[in-house]
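The values are calculated or read from the model by the stated rules, or taken from the named source; none is laboratory data. For clarity, every value in this text was computed on a predicted model and none was experimentally measured. Cβ atoms come from the backbone with ideal geometry, glycine included; neighbour counts cover every protein chain shown.
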Amino acid sequence: SVLLNLSGPYPLVVTSIDPDSSTVFGNTSVTIRGRNFLREAIVTFGDSTATDVAVVSDSIITANTSVHSAGIVDVIVTNPTGLSGTLSDGFTFIPHPVVTSIDPDSSTELGGVSVTITGSGFQSGATVAVGVNTATDVVVVSPDTITATIPIHPVGTVDVTVTNATGLSGTLS
């Protein structure tokens, strides 16, 4: 016969999180799955503590992300007993795009000029607004480079805004 010690501590395991990314502004509702979660567990994303943590069952927790700097972080669930489980590099805080320059920085009002936009935090699917019009042929070459074609626009100085699919945007005034 086998004797099991069912009164002892069991390893806390974090297996997944959905969604697995959020903007740096936080307040994204997530569902964490694993094993042996206890009521009053604490959830942290890197060095940021989650809010509105609810232990739905011993295998599901819901929570909201907090504000955090951009980057990939561990998701840690800590039970009131002190035992914790970690999903290493389990969550990504998406950076705000930053536009630092556009080259060339002028066009005729007829548009059609190919430009290179530099900055940081650009993501596939980003759009580019030149004033109130949308650039065409937008290609996110890398997180710090976009190529695009300037649209038709009335004469004048305008803002250039890059908006990622997440809705976050950055503007060069």
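In summary, Thr166 fulfils each of the numbered conditions (1) modelled with pLDDT under 90; (2) polar (S, T, N, Q); (3) in a strand (DSSP E or B) with the single exception of condition (3).
Would you call Gly111 assigned to a loop (DSSP other than H, G, I, E, B), in contact with a Pro (Cβ under 7 Å, 6 or more places away or on another chain) and either crowded, with 17+ Cβ neighbours inside 10 Å or on the phi > 0 side of the Ramachandran plot (or both)? Yes; evaluated as a whole, the condition is true for this residue. Residues of region 144-163 that are loosely packed, with under 15 Cβ neighbours inside 10 Å and not aliphatic (A, V, I, L, M): Thr145, Pro154, Gly156, Thr157, Asp159.
Count of region 114-147 residues, restricted to those that are over 24 Å from the mean Cα position of the chain (by Cα) and of a type in the set (A, V, I, L, M, F, W, C), is 4.
Put simply, of Gly170, Gly131, Gly119 the only residue that is crowded, with 17+ Cβ neighbours inside 10 Å and in contact with an Asp or Glu (Cβ under 8 Å, 6 or more places away or on another chain) is Gly119.
Evaluate region 41-49: report whether one residue or more is part of a strand (DSSP E or B), at negative phi, among the hydrophobic types (A, V, I, L, M, F, W, C) and buried (at least 19 other Cβ atoms within 10 Å of the Cβ). Scanning region 41-49 turns up at least one residue that is part of a strand (DSSP E or B), at negative phi, among the hydrophobic types (A, V, I, L, M, F, W, C) and buried (at least 19 other Cβ atoms within 10 Å of the Cβ).
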